[in-house]
Protein chains: 2
Amino acid sequence: MRDFLPADKARRERVLAVIRDRYRAHGFDEIETPVMEDHARLHAGIGGDNEKLAFSVLKRGLDADRIRGCADDPTALSDLGLRYDLTVPLARFYATHRAQLPAVFRAVQIGPVWRAERPQKGRYRQFVQCDIDIIGDPTGRAEVELIAASLDTLDALGLTGGSIRINDRRLLDGMLAGFGFTPDERPGVLITIDKLDKIGPAGVAAELRDRGTSASAVAAFEEFLARDRSAAASVGQDAIRAALPDGVDGAVVAELAAIADAVAATRGGDTPLTFDPFLVRGMGYYTGSIFELAHPSAGYSLGGGGRYDGMIGRFLGVEVPAVGFSIGFERIVDLVAAIGDGGGESIVLVHDRDVPAAEVAALKAGLIADGARVRLEQRPKNLKALLERASADGYTAFATVAAGASRADLDLRPLS
Amino acid sequence: MRDFLPADKARRERVLAVIRDRYRAHGFDEIETPVMEDHARLHAGIGGDNEKLAFSVLKRGLDADRIRGCADDPTALSDLGLRYDLTVPLARFYATHRAQLPAVFRAVQIGPVWRAERPQKGRYRQFVQCDIDIIGDPTGRAEVELIAASLDTLDALGLTGGSIRINDRRLLDGMLAGFGFTPDERPGVLITIDKLDKIGPAGVAAELRDRGTSASAVAAFEEFLARDRSAAASVGQDAIRAALPDGVDGAVVAELAAIADAVAATRGGDTPLTFDPFLVRGMGYYTGSIFELAHPSAGYSLGGGGRYDGMIGRFLGVEVPAVGFSIGFERIVDLVAAIGDGGGESIVLVHDRDVPAAEVAALKAGLIADGARVRLEQRPKNLKALLERASADGYTAFATVAAGASRADLDLRPLS
C-alpha cells in the first residue's frame, strides 16, 4: 500500500477527471458502492483466485469463547470483507437497485480494491480499478460503446494509438470442441492457453499432456498452434474464419466483424481491432466477447473485459445480459507523463515576518479571486532554495510583500 | 454503508471538484494515504472514543491453533485496521515523508473513513472526510488560511453566509483553573461543557456535581454560566475579555482577535467569526485555537478544527506545530441542492432496431466530438416514458435515428 505525495496525487486526480469526463460524454453514469461487502458474497465463487486474496474484517465484540469457537471455522470470525474487484459489488448493486435504473444501464465505477498480494514490483495491495459496464443490452452495440469510450478516453489522456485484441469465448469453446477436448477439460485448457504468450506453443502442449488431457485433442491442437500466427488477423469475417479451424459458428464471427466495423466508424474508418483466436482472459464468468487493450508505449495490457451474461442472474434470479471493460488505472497513470492542470497562474507570495496577517491574507484573497493559486511563505534565509522548491511544485510566479504593500505594489516575477 | 445511485454520485463528484479547486487555489496540496493503517497505530490513544469504533482486519493465514492462542488477546487476530479519521494517517504520513515536503506543508486529504457505529439516521459506517491541515506554522496565519479557504469553498458551493465560532483551549483551561478546577478535573469538565447546548447550564452543573468535582469550583462556574450569553460575542479583544472571567491570558486574546481581523480582510471587511467561550470540540489533542463552522441553512455544525501542536511529535519525535480544519462533506453534500455539471448538451439518440451498429456508433461519436454527452437507446414501445426517464437523469435533448441517417438528418429536440 502506498502513500501519494502531492505531485503524484495531482496527476492521479487529473487522470481521473479526464476519465470521468470522457465516460460521462459516452453516456455512462457513475455509481459508488461501499468498500466492504458481506463476507459470504465475496466468497461465492465469482471472484476466482482473487477470493483467496480478499482481506477479511473482524466481527466486532468477539469474546474469548466466541474466538475459541471459531478456531475450526475461521470464516466465522468475519462478517465483512474488502472488495477485491468492482464486478461483484456491481452485480449486487444492480440486483438491489434495478427498479431505479434505466432498462439499459451504463455504469462507471472508479475506486480502490484490495488484494493481499505478496509485495512485488508493480503489484499493490490497494489499487484503483476503473470499470465501465453495460447491463441489459444483449447486442454487440454494447461492446461497441465500451470499446469506443475506452479508446476515446485513452486518446484524451494523450495515449493515442491504442488497440484492441478481441476474441469470443464461444469461438474458443467451439475450437476446443473441434479438437476433441471434452467439456470437462475445456476450462483447464483455457487456463493453459492463457499462458501461450509466456510459455509458447510447445509449453502449452507439454502442460496439457502432463495434466493427462485427451492425447488426440492435444495433438490436433498442437498441429494447429504450429501454423504461422505472425500476422495479426484483421476482424473481417473472412480473416476470422481463416485464423480458426474449420467449422466455426458463423453468427459469432459476424457479430465480431460488426463490432469491429462499428468501432471503426467512430474513428474515421481506422480499425483499432485485431482478432486473436488465443485470447482467453482469466475470469471464469465470461460467456461471449472478450477483449484486451494495448498501447505501443506499454508491453503489457492496459485493460480488458468481456461479456458475462450469466452473472447478474446469480444475484437477481433473472438472467440479464452484461458486458464490461476495466481500464488499468494504475498502469495508465504511470504512462501519462504530464497533463495540463487546467488552473490559472500559480503564485508564491513571500512576506516579511512583520507584515500583519490581515494584509497578507487580503493580498492572497485578491489573487485567488482573480483565478490564481497562491502559496504563502514567510521569507526564509535562503530565498533561492524556497523558490526552486516552489517551482518544482508547479508554481510559476512569485512576489515579495513588505508591510503596507497593496495589490498595486505587487511585482509578479516568473519562476524559472 | 450506502450505495450511491447516479444522481447522488454525480452531485458528490461535483461538490468534490469544487472543494479540490478551491483548496488548491488557496495553496493546499492534496495527498492520499492507504485506507488501512497498522492496528497498533490506530489504537495509540490519539483517536479518543473513535478508536473503539475502528474496524479491524483479520490477519491472513491464521490456523486453528493460532486462533485459539488469540482468544485471550483479540487484538492479536488483527494487524491492520480501517482508518476512523484522516488525522492519524496524516501524522504518520508527515513523519514518513517530511524530508520531501515544504517547510510549511499545507495538506488536503479527501477520502472515506469507517466507524462501526450502530445504524441511526444520518450516521454511516463509511463516510467521506475532507481535511485541510497546515503543518509547520506556529502563527495564527495558519488559522487564517484554513478559515478563509473553508469559507471560500462554502461560498463556491453556493452556501454563502457561513460563519465560524472560535475559542482557544488555553482560554478554556485558564477559565477552569480560575474557577478552581484541578488540572486532573479539567479534561472531564471539558467533556461536560461540550454538552452545554444539549443539557443547558443546570444540566452541566448537575453532571459535574454528580461526578464529585470540586464543589466550590462547580458553584463558581455555575454562577458564571448564569450570565446572559444571548449575544454572540464579536472577536475584538475587548469583547473576548468581556465574555470571560477576569484574569485571562492577554496574548491568547490578541491572537484570536488578529485571526478575526485577518479573516475579515479576506472578505471585504465582513467578520464571519464569533467568540464562544464554551466551545470545546471533542478531541483530546487540541492545544490552542478551536473553531466550528456553521451555516444558516443547517442546525448543526458543518465542520471544525483546531490546533494540535503536540501530535506530530508523537510520531516524529520532534515537535512540529499543526492546525487543521475538517469540513463535514456528507452534511455539505446534503445542503447543496444542485450545482452546475459544467458539461455541454446531453443528448438521447433513439435508434430503430434495424439501424446498423456502425451508423449509430458514428453518429454518437460525432456528437461527443462536438462536446455533447450522448446516451443511446433502442426505440421502445413507450417512447414517452423513456424520454421522461432521460430528462430526470439530466438529458436535455433527443433525436430519433432511422437507418441511413447522417449527422445532417438529426433533428435535435429539447426534452422538457
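The values are calculated or read from the model by the stated rules, or taken from the named source; none is laboratory data. Because the structure is predicted, anything quoted here is derived from the model rather than measured. So basically every Cβ, Gly included, is an ideal-geometry build from the backbone, and we count neighbours across all protein chains shown.
Would a scan of segment B:81-103 turn up a residue that is facing another protein chain (nearest Cβ under 7 Å) and touching a helix residue (DSSP H, G or I) at 6+ places or on another chain (Cβ under 8 Å)?
yes
Determine which single condition B:Lys9 fails, assuming it passes every other condition in (1) within 10 Å of another protein chain (Cβ to nearest Cβ); (2) within 16 Å of B:Gln109 (Cβ to Cβ); (3) charged (D, E, K, R).
Of the numbered conditions (1) within 10 Å of another protein chain (Cβ to nearest Cβ); (2) within 16 Å of B:Gln109 (Cβ to Cβ); (3) charged (D, E, K, R), the odd one out for B:Lys9 is (2).
State the number of residues belonging to segment B:64-80 that are among the hydrophobic types (A, V, I, L, M, F, W, C) and either within 28 Å of B:Tyr124 (Cβ to Cβ) or more than 8 Å from every other protein chain (Cβ to nearest Cβ) (or both).
Within segment B:64-80, residues that are among the hydrophobic types (A, V, I, L, M, F, W, C) and either within 28 Å of B:Tyr124 (Cβ to Cβ) or more than 8 Å from every other protein chain (Cβ to nearest Cβ) (or both) number 3.
Among the residues in segment B:237-251, are any within 14 Å of chain A (Cβ to nearest Cβ), in contact with a helix residue (DSSP H, G or I) (Cβ under 6 Å, 6 or more places away or on another chain) and in a loop (DSSP other than H, G, I, E, B)?
Just the residues of segment B:237-251 that are within 14 Å of chain A (Cβ to nearest Cβ), to begin with: none.
Checked segment B:237-251: no residue is within 14 Å of chain A (Cβ to nearest Cβ), in contact with a helix residue (DSSP H, G or I) (Cβ under 6 Å, 6 or more places away or on another chain) and in a loop (DSSP other than H, G, I, E, B).
Run A:Phe179 past the list (1) in contact with a helix residue (DSSP H, G or I) (Cβ under 8 Å, 6 or more places away or on another chain); (2) of a type outside the set (Asp, Glu); (3) not assigned by TED's automatic domain parsing to the domain that holds A:Asp261 and report the number of the one that doesn't hold.
(3)
I'd like to verify a number: residues in segment A:72-84 that are outside any helix (DSSP H, G or I) and modelled with pLDDT under 95, how many?
Qualifying residue count for the region: 4.
Residue by residue, here is whether (1) buried (at least 24 other Cβ atoms within 10 Å of the Cβ); (2) farther than 13 Å from B:Arg169 by Cα holds:
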site: B:Leu256; (1), (2): yes, no
site: B:Gly268; (1), (2): no, yes
site: B:Phe275; (1), (2): yes, no
site: B:Phe278; (1), (2): no, no
site: B:Tyr285; (1), (2): no, no
site: B:Ser289; (1), (2): yes, no
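Among A:Val35, A:Val18, which is surrounded by 14 or more Cβ atoms within 10 Å (Cβ to Cβ) and more than 9 Å from chain B (Cβ to nearest Cβ)?
A:Val18
Can you give me the number of residues within segment A:102-127 that are surrounded by 14 or more Cβ atoms within 10 Å (Cβ to Cβ) and either touching a strand residue (DSSP E or B) at 6+ places or on another chain (Cβ under 8 Å) or not hydrophobic (A, V, I, L, M, F, W, C) (or both)?
So the answer is 17.
Report, by residue number, each residue of segment B:185-203 that is under 18 Å from B:Gly174 (Cα atoms) and either at pLDDT below 90 or part of a helix (DSSP H, G or I) (or both).
Once the filter is applied, which keeps residues that are under 18 Å from B:Gly174 (Cα atoms) and either at pLDDT below 90 or part of a helix (DSSP H, G or I) (or both), segment B:185-203 yields B:Arg186, B:Pro187, B:Gly188, B:Val189, B:Leu190, B:Ile191, B:Thr192, B:Ile193.
Of everything in segment A:204-231, what is under 21 Å from A:Ala243 (Cβ atoms) and modelled with pLDDT of 90 or more? Give them in sequence order.
Selection gives A:Val204, A:Ala205, A:Leu208, A:Ala217, A:Val218, A:Ala219, A:Ala220, A:Phe221, A:Glu222, A:Glu223, A:Phe224.
So which residues in segment A:286-322 are among the polar types (S, T, N, Q) and not in a loop (DSSP other than H, G, I, E, B)?
A:Ser289, the sole residue that qualifies.
Starting from residues that are at the interface with chain B (Cβ under 10 Å from one of its Cβ atoms) and not in a loop (DSSP other than H, G, I, E, B), keep the ones in segment A:369-384 and report whichever is farthest from the chain's Cα centre (by Cα).
Here the answer is A:Gln378.
Being touching a strand residue (DSSP E or B) at 6+ places or on another chain (Cβ under 9 Å), in contact (Cβ under 8 Å) with a residue 40 or more places away in the chain and under 28 Å from B:Gly122 (Cβ atoms) narrows it down to one residue among B:Glu13, B:Glu37; which is it?
B:Glu37
Quick check: anything in segment A:55-63 within 7 Å of chain B (Cβ to nearest Cβ) and surrounded by fewer than 16 Cβ atoms within 10 Å (Cβ to Cβ)?
For segment A:55-63, residues within 7 Å of chain B (Cβ to nearest Cβ) and surrounded by fewer than 16 Cβ atoms within 10 Å (Cβ to Cβ): present.
In contact (Cβ under 8 Å) with a residue 24 or more places away in the chain, in the same structural domain as A:Phe315 (by TED's automatic domain parsing) and either part of a loop (DSSP other than H, G, I, E, B) or within 20 Å of A:Leu316 (Cα to Cα) (or both): does that describe A:Pro89?
Spelling it out, A:Pro89 is indeed in contact (Cβ under 8 Å) with a residue 24 or more places away in the chain, in the same structural domain as A:Phe315 (by TED's automatic domain parsing) and either part of a loop (DSSP other than H, G, I, E, B) or within 20 Å of A:Leu316 (Cα to Cα) (or both).
Is there a residue in segment A:395-415 that is in contact with a Ser or Thr (Cβ under 8 Å, 6 or more places away or on another chain), within 11 Å of chain B (Cβ to nearest Cβ) and not basic (Lys, Arg)? Quick ask: steps written out before the conclusion?
Here is the first cut: in segment A:395-415, the residues in contact with a Ser or Thr (Cβ under 8 Å, 6 or more places away or on another chain) are A:395-397, A:411, A:414-415.
Pick out the ones that are also within 11 Å of chain B (Cβ to nearest Cβ) and you get A:395.
Subsequent filtering for residues that are not basic (Lys, Arg) retains A:395.
Looking for residues that are in contact with a Ser or Thr (Cβ under 8 Å, 6 or more places away or on another chain), within 11 Å of chain B (Cβ to nearest Cβ) and not basic (Lys, Arg), one finds at least one in segment A:395-415, hence yes.
Using the structure shown, decide if A:Ala217 is farther than 30 Å from B:Leu367 by Cβ, hydrophobic (A, V, I, L, M, F, W, C), touching an Asp or Glu at 6+ places or on another chain (Cβ under 9 Å) and buried (at least 17 other Cβ atoms within 10 Å of the Cβ).
Here the answer is yes, as A:Ala217 does meet what is asked.
From the list A:Lys364, A:Lys384, which one is charged (D, E, K, R), within 22 Å of B:Gly136 (Cβ to Cβ) and either free of Cβ contacts under 8 Å to residues at least 12 places away in the same chain or exposed (fewer than 12 other Cβ atoms within 10 Å of the Cβ) (or both)?
The conditions single out A:Lys384.
Which residues, counting only those in segment A:118-164, are in a loop (DSSP other than H, G, I, E, B), charged (D, E, K, R) and touching a residue at least 24 places away in the same chain (Cβ under 8 Å)?
Selection gives A:Arg125, A:Asp137.
Have a look at B:Gly48, B:Gly122, B:Gly81 and point out the one that is closer than 21 Å to B:Gly306 by Cβ and not hydrophobic (A, V, I, L, M, F, W, C).
Numbers: B:Gly122 fails: closer than 21 Å to B:Gly306 by Cβ; B:Gly81 fails: closer than 21 Å to B:Gly306 by Cβ.
B:Gly48 is the lone residue from the list that is closer than 21 Å to B:Gly306 by Cβ and not hydrophobic (A, V, I, L, M, F, W, C).
Restricting the search to segment A:56-73, which residues are of a type in the set (Gly, Ala, Ser) and touching a strand residue (DSSP E or B) at 6+ places or on another chain (Cβ under 6 Å)?
If the condition is that a residue be of a type in the set (Gly, Ala, Ser) and touching a strand residue (DSSP E or B) at 6+ places or on another chain (Cβ under 6 Å), then A:Ser56 is the only one that fits.
Among the residues of segment B:204-214, which ones are in a helix (DSSP H, G or I) and either acidic (Asp, Glu) or crowded, with 18+ Cβ neighbours inside 10 Å (or both)?
Result: B:Val204, B:Ala205, B:Glu207, B:Leu208, B:Asp210.
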